[in-house]
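Visitor: Dropping a structure here in structure tokens format, bear with me for questions.
What follows draws every value from the coordinates through simple rules; no lab data is involved. No experiment lies behind these values; they were computed from the predicted model shown. Cβ sites come from the backbone with ideal geometry, for glycine too, and all protein chains shown count toward neighbours.
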Amino acid sequence: MPRPFWPSSEPTNRRLDPDLYRISGQPCSFTIRAYGRLRPFAEPRFAAIAQQCLLESRARYGCEVDAYCIMPDHVHLVATPFTDRASSLTFVDRFKGLTSFRLGRAGSGNSKVWQPRYHDHLIGPDDVLERIIEYILDNPVRQSLCLQPEDYPWSGIPPPARAAK
């Protein structure tokens, strides 16, 4: 069947069946790189905007963020839908769009913020979610941005979004 020539409302960055990203309670890790070799989040006010967009988007798009880290040139996160109507792919695409829009309004000077594609990994029963979260939170330490994960202001384990609804 030929692809339609109009843009779909569904995210196009996927390798697996999109229904797998809609399973309530199914965590997925994402690595989202900034466009080119840009480092937009090295600027604290832009990192703060990305953090705010990420946390604001949780309840709106029905996904918990189990952990996140906003590095100077990329973002790591684990997103888990908390309803079967939500999709972690849609959540990430909307987060990217909102962040791009707000960074543009804040004068980032870049028309493109994100690489079009990102890496995702559905976290299965053989994966250890705690180990993946630890890896995400330790990223700034490995990159010599801080000495302890808790010292880095652009990462963490946020309180549940469902409690904020």
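Visitor: Could you give the distance between the Cα centres of the stretch 16-36 and the stretch 77-143, to the whole Å?
Guide: 8 Å
Visitor: Under a point spin-label approximation (7 Å from Cα along Cα-to-Cβ), what is the residue 85-residue 126 distance to one decimal in nm?
Guide: Result: 3.6 nm between the two label points.
Visitor: Considering amide H positions built from the backbone, and no H for Pro or chain starts, which residues 5 or more places from residue 62, or on another chain, come under 5 Å of its amide H?
Guide: Residues meeting the criterion, in which the H sits 1.01 Å from N, do not exist here.
Visitor: Quick one: 3J(HN,Hα) in Hz for the stretch 132-147, Karplus 6.51/-1.76/1.60 with θ = phi - 60°, rounded, Gly and Pro as x.
Guide: 5, 4, 4, 4, 4, 6, 7, 3, x, 5, 4, 8, 6, 8, 6, 8
Visitor: Follow-up question, since we're still on this one. Quick one: which of 21-34, 139-152 comes out on top by average Cβ neighbours within 10 Å, and what's the full order, highest first?
Guide: Sorting 21-34, 139-152 by mean packing, highest first, produces 21-34, 139-152.
Visitor: Give me, ordered by chain and number, the residues 5 or more places off residue 39 or on other chains with an amide H under 5 Å from its own placed amide H.
Guide: none
Visitor: For the stretch 18-157, what's the relative contact order in percent, using C-alpha pairs closer than 8 Å and at least 6 residues apart? Before the final figure, lay out each step's value.
Guide: Numbers: 241 pairs, mean separation 46.7, N = 140.
The value is 33 percent.
Visitor: Kindly rank 39-47, 54-62 from highest to lowest mean number of other beta carbons found within 10 Å of each residue.
Guide: Highest mean packing first, the order is 54-62, 39-47.
Visitor: May I pose another question? Taking a label point 7 Å from the Cα of residue 39 along the Cα→Cβ vector, which residues of the stretch 106-143 have an amide N closer than 20 Å to it?
Guide: Output list for this probe position: 107-115, 137-143.
Visitor: Could you pull out every residue, at least 5 positions away or on a different chain, whose amide H is within less than 5 Å of the one on residue 71? Hs are placed 1.01 Å off N in the peptide plane, and Pro or chain starts have none.
Guide: Result for residue 71 returns 76.
Visitor: Mind putting a number on the dipole of the chain about its Cα centre? Charges go on the C-beta only, +1 for Lys and Arg and -1 for Asp and Glu, and I need it in Debye to the nearest 20.
Guide: Dipole size: approximately 840 debye.
Visitor: Right, something else. Per residue of the chain, what 222 nm ellipticity follows from adding -39500 (n - 2.57) for every DSSP H run with n ≥ 4, rounded to the nearest 500?
Guide: Helix-only estimate at 222 nm: -10000 deg cm²/dmol.
Visitor: Percent of Cα-Cα pairs per 5 Å bin, from 0 to the last occupied bin, for the chain, please list those.
Guide: 1, 9, 18, 22, 21, 16, 9, 3, 1, 0, 0
Visitor: Moving on to the next point. What does the net charge come to around residue 39 if you take all other residues with beta carbon closer than 13 Å to its beta carbon, with K and R at +1 and D and E at -1?
Guide: After counting each charged neighbour, the total is 0.
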